[in-house]
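What follows is one structure encoded as structure tokens, with my remarks underneath.
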């Protein structure tokens, strides 16, 4: 009886290594890819909202339209680069107050006292492991700008 037990133990030797390798390939690798993919998406969302917020803050305090729009574009680029996203994947557009980012691009801020408008920043999200031509994944951040009524 002891001999059979000993032969069974020798037959199972190395099975734990095979089980661990199988589980690592089947479970851990897809789980790690999912975490990396979701973090890339979250990074894109953070970049879009931070870019819109910073661009809107600079537009709210701008003295003239040319300087304000240039500063807003630069602030959005810096905020997007802070999240390790290429600034070439960035679009800054403006929409009238009450409209969503769907109508952005057809409006130019007038920079009059008390003006309200929406800043929309769209960022293309690149998920690691997917080809570069898949660029339909975008995140849009929106910020409502209220210019001060008592400015010059």
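Read-outs: derived from the displayed coordinates by stated rules, not from any lab. In this text the structure is predicted, and so the values were computed from the model without any measurement. Note that we place each Cβ from the backbone using ideal geometry, even for glycine, and neighbour counts take in every protein chain shown.
As a rough footprinting exposure proxy, the listed residues 73, 81, 63 were ranked by other beta carbons within 10 Å of their own, and the order from fewest upward is 63, 81, 73.
Ranked for footprinting exposure by Cβ neighbours inside 10 Å, fewest first, 33, 94 give 33, 94. Counting only alpha carbon atoms, the long axis of helix 29-60 and the longest principal axis of the chain meet at about 10°.
What separates the Cα centres of region 65-91 and region 20-43 is a distance of 32 Å. As a rough footprinting exposure proxy, the listed residues 108, 49 were ranked by other beta carbons within 10 Å of their own, and the order from fewest upward is 108, 49. Against the chain, whose longest principal axis is taken from its Cα atoms, helix 2-11 shows a tilt of about 30°. What is the log10 of I(q)/I(0) for the chain, computed with the Debye formula using one identical point scatterer on each Cα and no solvent, at q = 0.16 Å⁻¹? Once normalised to I(0) and log-transformed, intensities are -0.86.
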